[in-house]
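J.: My structure is below; once you've seen it, I'll send some questions.
The values are calculated or read from the model by the stated rules, or taken from the named source; none is laboratory data. None of these values were measured; they are calculated from a predicted model. Note that each Cβ is placed from the backbone with ideal geometry, even for glycine, and that neighbours are counted across all protein chains shown.
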Amino acid sequence: MTDAALGAVQVAASDELESPARRALRRLLRRKGAVAGLVVIATFIVLALFAPLISPYDPLATSWTLVRKPPSALHWFGTDDLGRDIFGRVIYGARASLIAGAISVGIALLIGVPLGLLSGYRGGFIDALISRITDAMLACPFLILAIALAAFLGPSLGNAMIAIGVSTTPIFVRLTRGQVMSVKVEDYVEAARAMGNPRWRIALFHILPNIMPALLVQATLSIAAAIIAEAALSFLGLGQQPPAPSWGSMLNAAQRFLTNAPWMALWPGLAIFLVVLSFNLVGDGLRDALDPRER
Amino acid sequence: MLNFLARRILQLIPTLFFVSILIFSLQHLLPGDPALVMAGEERDPEVIAHIRAQYRLDQPAPVQYVYWVKGVLSGDFGESLRIKVPVRELIEQKLPVTMQLAGMAIVIAFLIGIPAGIVSAVKKGTAWDYGANLFALWGISTPNFWLGIMLIFLFSIELGWLPASGYVPLTENWRASLAATIMPAFVLGNAIAAILMRHTRSAMLQVLESDYVRTARAKGLSERSVILKHAMRNALTPVITLGALELGTLLSGAVLTEQIFSIPGFGKLIVDAVFNRDYAVVQGVVLVTATIYITLNLIADIAYILVNPRLRA
């Protein structure tokens with residue numbers, strides 16, 4: 001056998017031995033956009049985690065001598081209407097945004113996936129009931145539902161996360177249900193049933209792992225939407241409450257000083273844009289990397 | 001076709017029923033006694049008892065629901081607690097403003113999104129394609145309230161070309177009306193243009209690989225004629241119906257956009273109602289929004305069937 005042929009055999013063998021997760025990761029890392037997105041997200045996570053070490057100033061410290069100072073060597077992003085350092089507030093604001101993105105999508109997954117599994121696998125009356133409730137929730141525009149829920153629950157970051165999570169839930173119910181419907185007729189599910197596995201075991205150990213890729217892609221894209229929604233609720237005064245820093249509430253304050261301190265609006269908006277763009281890039285990359293047709 | 005229509009309309013009934021339950025139960029999420037919240041600073045037991053009787057809060061929840069639905073079905077959404085005006089009247093005043101904004105946004109979205117999607121698909125893999133995809137990513141990732149603020153800074157404060165806020169009805173002065181609404185409409189249309197561009201691109205790519213397009217090319221038709229007369233006509237059908245479904249995005253976006261540009265529309269109505277704890281208005285606005293959304297969904301479904309002969313049988 002020639003060297004080239006041997007090489008081909010080895011490549012094929014290693015490709016077969018590679019786990020699906022590893023293969024998806026390898027494909028994801030081939031996509032420049034997704035890699036750039038991952039780097040930006042990782043940077044923001046580091047900034048959020050080590051904010052006290054990285055931020056040069058206390059984000060809550062006000063100073064009447066530093067009110068609305070433009071960007072300078074001392075204050076890279078300038079200062080706000082109360083003389084607070086905007087760079088520090090943007091770094092601390094990353095905490096609220098990333099936590100809100102992760103927790104609200106976590107809530108949506110925790111409620112939506114079990115309901116979708118139940119609806120898709122059991123069928124019948126339960127399926128009809130869950131589907132109609134999902135339809136009803138999807139009929140209310142996402143942000144309007146989130147605003148209404150946040151308003152009724154009361155303004156706070158915690159309640160905003162619950163409101164966004166609940167408003168995102170129907171997307172996961174519908175997605176999980178659809179995926180379960182297409183997977184449950186597969187041979188391996190039939191085989192698991194023939195072996196006498198109980199329904200919950202089939203749903204959790206045979207169906208759920210096979211619908212994970214679709215859920216992962218949707219979760220990534222939903223984090224992007226949830227971060228925008230948190231910023232929107234904070235902008236309206238329904239999320240993170242002042243003086244705690246949040247990108248949305250910073251933009252709200254900035255709106256009043258647009259004429260003489262436009263930098264107050266630039267940085268928090270740019271931060272939201274960068275993080276959301278990155279999650280969208282990673283979500284798109286994951287969708288391609290996990291698509292079986294791309295093999 | 002008639003069967004499908006009947007089935008589709010019948011499906012609306014349970015959906016609307018659950019929407020009404022969802023909206024009705026929002027009020028019951030309130031921590032504490034709703035009558036106390038409605039009474040505000042007033043803690044007089046007589047006033048609270050009066051509110052409880054007026055809004056039937058002393059009755060069991062299912063009874064309250066039946067009364068509420070009865071009212072809604074006869075066009076009575078209750079009364080604004082703060083300004084003592086029927087909610088229906090408020091909706092009738094504010095809805096046309098948002099509809100003008102939404103209409104302009106849809107036109108802007110179609111004017112940008114569809115040509116960008118077609119160019120991106122026809123010139124796949126070129127700089128045009130990358131440019132259009134970057135535009136789509138930008139549109140999807142930009143928070144519309146930030147875009148609005150940045151546009152105000154550029155066009156109102158720096159250049160002084162457009163008013164930063166306010167609204168003039170179209171019937172009063174169409175020039176001033178367009179000047180006041182063009183920025184918010186662009187902010188709203190931008191995100192939808194991005195979504196439409198993605199839909200158009202994928203639909204066009206699919207159509208361009210189909211047999212009839214190959215046949216049209218084999219007949220010797222010019223590329224322009226193949227794209228405009230053969231490919232585009234089929235590719236745009238699903239895109240237009242999908243565009244109709246973006247109304248939810250539009251109404252969500254209107255909430256913030258109207259807030260930033262101080263436009264007295266539907267979005268501003270709900271935000272003001274939220275801050276004034278005017279729950280009847282919040283319920284009314286959410287219900288009307290959901291009903292509009294469901295109706296448009298139905299129209300989009302029917303339109304899709306009507307323009308697609310293969311689905312008509």
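J.: Across the range B:134-147, what is the number of residues that are more than 9 Å from chain A (Cβ to nearest Cβ) and within 22 Å of the chain's Cα centre (by Cα)? Break it down stepwise before answering.
T.: In the first step, residues of the range B:134-147 are kept if they are more than 9 Å from chain A (Cβ to nearest Cβ); the result is B:134-136, B:139.
Next cut, within 22 Å of the chain's Cα centre (by Cα) only: B:135-136, B:139.
Going through the range B:134-147 one residue at a time, the tally reaches 3.
J.: Okay, next question. Go through the residues of the range B:257-265 one by one and say whether even a single one is in contact with a Pro (Cβ under 6 Å, 6 or more places away or on another chain) and at pLDDT below 80.
T.: No, the range B:257-265 has no match at all.
J.: Moving on. Go through the range B:258-288 and count every residue that is in contact with a Lys or Arg (Cβ under 6 Å, 6 or more places away or on another chain) and of a type in the set (A, V, I, L, M).
T.: Looking only at that region, the number is 1.
J.: Collect the residues in the range A:108-132 that are of a type in the set (A, V, I, L, M) and touching a residue at least 12 places away in the same chain (Cβ under 8 Å), keeping them in residue-number order.
T.: Within the range A:108-132, the first condition is being of a type in the set (A, V, I, L, M), and the residues that meet it are A:108-111, A:113, A:115, A:117-118, A:126, A:128-130.
The answer is A:Ala108, A:Leu109, A:Ile111, A:Val113, A:Leu115, A:Leu117, A:Leu118, A:Ile130.
J.: On to the next question. Going by the conditions given, is A:Ser104 more than 11 Å from chain B (Cβ to nearest Cβ), of a type in the set (S, T, N, Q) and closer than 30 Å to B:Pro14 by Cβ?
T.: When the stated conditions are applied, A:Ser104 passes them.
J.: Going by the conditions given, is A:Phe279 closer than 17 Å to A:Gly101 by Cα, within 13 Å of chain B (Cβ to nearest Cβ) and touching a residue at least 60 places away in the same chain (Cβ under 8 Å)? I'd like the intermediate steps shown before the answer.
T.: Numbers: closer than 17 Å to A:Gly101 by Cα: yes; within 13 Å of chain B (Cβ to nearest Cβ): yes; touching a residue at least 60 places away in the same chain (Cβ under 8 Å): yes.
Yes.
J.: I'm trying to understand the selection: among the residues of the range B:69-84, which are outside any loop (DSSP other than H, G, I, E, B) and of a type outside the set (A, V, I, L, M)? I'd like the intermediate steps shown before the answer.
T.: So in the range B:69-84, the residues outside any loop (DSSP other than H, G, I, E, B) come out as B:69-73, B:79.
The answer is B:Lys70, B:Gly71, B:Glu79.
J.: State the number of residues belonging to the range B:112-128 that are without any contact (Cβ under 8 Å) to a residue 60 or more places away in the chain and either part of a helix (DSSP H, G or I) or under 28 Å from B:Val288 (Cα atoms) (or both). Please lay out each step first, then the result.
T.: Filtering the range B:112-128 for residues without any contact (Cβ under 8 Å) to a residue 60 or more places away in the chain gives B:115, B:119, B:123, B:125-128.
Next, only the ones that are either part of a helix (DSSP H, G or I) or under 28 Å from B:Val288 (Cα atoms) (or both) stay: B:115, B:119, B:127-128.
Qualifying residue count for the region: 4.
J.: Tell me, yes or no, whether the range B:172-183 has at least one residue that is within 14 Å of chain A (Cβ to nearest Cβ) and either loosely packed, with under 15 Cβ neighbours inside 10 Å or assigned to a helix (DSSP H, G or I) (or both).
T.: Just the residues of the range B:172-183 that are within 14 Å of chain A (Cβ to nearest Cβ), to begin with: B:183.
From the residues that got through so far, the ones that are either loosely packed, with under 15 Cβ neighbours inside 10 Å or assigned to a helix (DSSP H, G or I) (or both) too are B:183.
Yes, the range B:172-183 contains a residue that is within 14 Å of chain A (Cβ to nearest Cβ) and either loosely packed, with under 15 Cβ neighbours inside 10 Å or assigned to a helix (DSSP H, G or I) (or both).
J.: Does the range A:111-126 contain any residue that is within 13 Å of chain B (Cβ to nearest Cβ), more than 23 Å from the chain's Cα centre (by Cα) and farther than 30 Å from B:Phe266 by Cβ? It would help to see each step written out before you state the result.
T.: The first filter runs over the range A:111-126 and keeps only residues within 13 Å of chain B (Cβ to nearest Cβ), leaving A:125.
The next check asks that each one be more than 23 Å from the chain's Cα centre (by Cα); those that pass are A:125.
Those still in the list that are farther than 30 Å from B:Phe266 by Cβ too: A:125.
Scanning the range A:111-126, I find at least one residue that is within 13 Å of chain B (Cβ to nearest Cβ), more than 23 Å from the chain's Cα centre (by Cα) and farther than 30 Å from B:Phe266 by Cβ, so the answer is yes.
J.: Do we have B:Val239 as surrounded by fewer than 20 Cβ atoms within 10 Å (Cβ to Cβ) and within 19 Å of B:Ala102 (Cβ to Cβ) here? Quick ask: steps written out before the conclusion?
T.: Working: surrounded by fewer than 20 Cβ atoms within 10 Å (Cβ to Cβ): no; within 19 Å of B:Ala102 (Cβ to Cβ): yes.
So B:Val239 fails the test.
J.: Give the range A:247-265 a look and list any residue that's touching a residue at least 12 places away in the same chain (Cβ under 8 Å) and within 9 Å of B:Ile149 (Cβ to Cβ), or say none. Steps first, answer last, please.
T.: Our first condition is that a residue be touching a residue at least 12 places away in the same chain (Cβ under 8 Å); within the range A:247-265, this holds for A:247-254, A:256-257, A:260-261, A:263-265.
A:Leu251, A:Ala254, A:Ala265 - these are the residues of the range A:247-265 that are touching a residue at least 12 places away in the same chain (Cβ under 8 Å) and within 9 Å of B:Ile149 (Cβ to Cβ).
J.: Considering only the range A:19-108, give the helices (runs of 4 or more DSSP H) lying wholly within it that have at least 2 residues that are more than 23 Å from the chain's Cα centre (by Cα). Walk me through how you get there before you give the answer.
T.: Numbers: elements: A:20-29, A:32-49, A:51-54.
So the answer is A:51-54.
J.: Report yes if B:Ala127 is modelled with pLDDT of 90 or more, among the small types (Gly, Ala, Ser) and surrounded by fewer than 22 Cβ atoms within 10 Å (Cβ to Cβ), otherwise no. Even if it seems obvious, please write down each step before you answer.
T.: Values: modelled with pLDDT of 90 or more: yes; among the small types (Gly, Ala, Ser): yes; surrounded by fewer than 22 Cβ atoms within 10 Å (Cβ to Cβ): yes.
So B:Ala127 passes the test.
J.: Any idea which residue in the range A:257-276 is nearest to A:Leu38 (Cα to Cα), counting only those that are more than 10 Å from chain B (Cβ to nearest Cβ), among the aromatic types (Phe, Trp, Tyr) and surrounded by 17 or more Cβ atoms within 10 Å (Cβ to Cβ)?
T.: Checking each candidate, the answer is A:Trp267.
J.: Scan the range B:273-290 residue by residue and report those that are under 11 Å from A:Cys140 (Cβ atoms) and either without any contact (Cβ under 8 Å) to a residue 40 or more places away in the chain or out of contact with any helix residue (DSSP H, G or I) (no Cβ under 7 Å at 6 or more places or on another chain) (or both).
T.: The answer is B:Thr289, and nothing else.
J.: Related question: For the range B:236-243, state whether one or more residues are within 11 Å of chain A (Cβ to nearest Cβ), farther than 18 Å from B:Leu95 by Cβ and part of a helix (DSSP H, G or I).
T.: No - not one qualifying residue is present in the range B:236-243.
J.: Scan B:Arg82, B:Arg52 and give me the residue that is of a type in the set (D, E, K, R), surrounded by 12 or more Cβ atoms within 10 Å (Cβ to Cβ) and in contact with a helix residue (DSSP H, G or I) (Cβ under 7 Å, 6 or more places away or on another chain). I'd like the intermediate steps shown before the answer.
T.: Details: B:Arg82 fails: in contact with a helix residue (DSSP H, G or I) (Cβ under 7 Å, 6 or more places away or on another chain).
After ruling out the rest, the residue left standing is B:Arg52.
J.: I'd like the full set of residues that are facing chain B (nearest Cβ under 9 Å) and among the small types (Gly, Ala, Ser), limited to the range A:230-256.
T.: Residues satisfying the conditions are A:Ala231, A:Ala232, A:Gly237, A:Gly248, A:Ala254.
J.: Which of the helices (runs of 4 or more DSSP H) contained wholly in the range A:133-221 include at least 1 residues that are within 17 Å of the chain's Cα centre (by Cα), of a type outside the set (D, E, K, R) and closer than 30 Å to A:Gln240 by Cα?
T.: Because the criterion is at least 1 residues that are within 17 Å of the chain's Cα centre (by Cα), of a type outside the set (D, E, K, R) and closer than 30 Å to A:Gln240 by Cα, the helices (runs of 4 or more DSSP H) in the range A:133-221 that meet it are A:142-153, A:157-183.
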